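Asks: Quick one: this structure, given as structure tokens, is what I'll be asking you about.
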Amino acid sequence: AAGGLGPRRLGLVEGWQLHMDKHQLREAVPGSDAASVREWLIRGTESGLLVRQEVASMLPAATLGVLPHHRVLDMCAAPGSKTTQLVERLDGGGGVVVANDFSALRCFTLVKRTASLGPRAASLVVTNHAAQKMPRPPAARGGGGGGGGASGFDRIVCDVPCTGDGTTRKHPEVFHRWEVALALRQHPLQLQIAMRGCALLEVGGLLCYSTCSLNPIENEAVVAAALRHCSGVELEDVHGTLPPLRTAAGLSRWRVTAGEDGCGVGSWEEADEERRLHWRLQPSLFAPTAAEAEAFALHRCARLLPHSQDTGGFFVALLRKSAAGASVGVPECAAPLLAPRGKPEPAAAAATDAGLEATEATADPAGGGAACVGDAETGAEADE
């Protein structure tokens, strides 16, 4: 029955891509090939033998090269498709996946989604915490933490909340609600989650930063700011890990829209004080300088364009912590997310991992946090 739908085997994961969306399957005429495929998918999903997932959202787990013994963190895990991928890659080898989400309700969805893992779910821990304040795990027994000290994660999926503008093919309503200010509001939270992920990485560990957006403010701008404020963190070339998908290189130049007429601003210095205040501009929104662009090599990031292979739009970047004692700064636009309620916002300053831990220890978890979910105004999620 699937033959008429033009299925394509995926080299990225053990799976197939059907070139027919859920709306077409729902509207399939009873007795047709499409209706037969729909019933087969429903039976397979209910039994736990199948996982239905957007091809683009498979990328973060597929790029990390998770090994059975790894400690893995999924920072914004719900609804859970990526988490399922990660647990399956452990294959009972003694590793663990910590799947976190800020929303208790979404954590319930996450547990329900991963119930199909059966005995393999013994390798899964679900937590309900603000991702930008995620605490360190205890040191692994006999592991790299040394004695009873803090340890980190070998692999981290940092699939952050975003505007979801890459999903407009399947969710046209996202396009109708889109506005410039959405990305400007998301950027500080995205950056703080990425920075916290870098702080939680073990030396040699990999972090995959991703969004279902194509806006450079949510993507390359966040990666560039993270590289600027995190010493000992390098950008890996992710393109070689994504065969046979066709990807576009990351951007190194862009302009930030800061006007009702759609006019763009090329740099922080170019924006006058009125625009900075009205549009709430931050230095980290802008493209890197020529010297930074050469050092950061943002072309190593990958953009998945919808028309290239019938997928959603997606962005993915792979960061590696290469040095022990790497410091993690707190960019000015992200610092308020760590501020305790009713107290002054912490000044932007470089801080070691230990310093960031101390900052978090004084913060009220209920204050300054933001839901680690799809954008509140668009409801966009990469997994769905």
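Asks: Is at least one residue of region 257-264 hydrophobic (A, V, I, L, M, F, W, C), surrounded by 13 or more Cβ atoms within 10 Å (Cβ to Cβ) and in a loop (DSSP other than H, G, I, E, B)?
Replies: yes
Asks: Determine which single condition Ser267 fails, assuming it passes every other condition in (1) under 20 Å from the mean Cα position of the chain (by Cα); (2) polar (S, T, N, Q); (3) in a loop (DSSP other than H, G, I, E, B).
Replies: Going through the list (1) under 20 Å from the mean Cα position of the chain (by Cα); (2) polar (S, T, N, Q); (3) in a loop (DSSP other than H, G, I, E, B), Ser267 breaks only (1).
Asks: Now for a separate question. Which pairs turn up if I take residues in region 307-335 that are at pLDDT 65 or above and look for partners that are among the polar types (S, T, N, Q) and in a loop (DSSP other than H, G, I, E, B) with beta carbon separation below 6 Å, at least 6 apart in sequence or on another chain?
Replies: Final answer for the pair search is Phe315/Asn219; Ser327/Ser231; Ser327/Thr352.
Asks: Could you please let me know if Ser252 is touching an Asp or Glu at 6+ places or on another chain (Cβ under 9 Å), in contact (Cβ under 8 Å) with a residue 40 or more places away in the chain and crowded, with 21+ Cβ neighbours inside 10 Å?
Replies: So Ser252 does not fit the description; no.
Asks: Please go through region 48-100 and pick out each residue that is among the β-branched types (Val, Ile, Thr) and either open to solvent by less than 10 Å² (accessible area, probe 1.4 Å) or touching a residue at least 40 places away in the same chain (Cβ under 8 Å) (or both).
Replies: Scanning region 48-100 gives Val51, Val55, Thr63, Val66, Val72, Thr83, Thr84, Val87, Val97, Val98.
Asks: Test each condition in (1) modelled with pLDDT of 90 or more; (2) part of a helix (DSSP H, G or I) for Leu117 and report the one that comes out false.
Replies: Evaluating Leu117 over (1) modelled with pLDDT of 90 or more; (2) part of a helix (DSSP H, G or I) leaves (1) as the failure.
Asks: Pick from region 276-313 the residues that are of a type in the set (S, T, N, Q) and in a loop (DSSP other than H, G, I, E, B): which of them is most open to solvent (accessible area, probe 1.4 Å)?
Replies: Restricting to residues being of a type in the set (S, T, N, Q) and in a loop (DSSP other than H, G, I, E, B), the top hit is Thr289.
The values are calculated or read from the model by the stated rules, or taken from the named source; none is laboratory data. Here the structure is a predicted model, which means the values were calculated and not measured. For neighbour counting, all protein chains shown are included, and Cβ atoms are generated from backbone atoms with ideal geometry for every residue, glycine included. Ligands, DNA and RNA are excluded from the accessible area calculation, which covers all protein heavy atoms including side chains. Shrake-Rupley method; radii C 1.70, N 1.55, O 1.52, S 1.80 Å.
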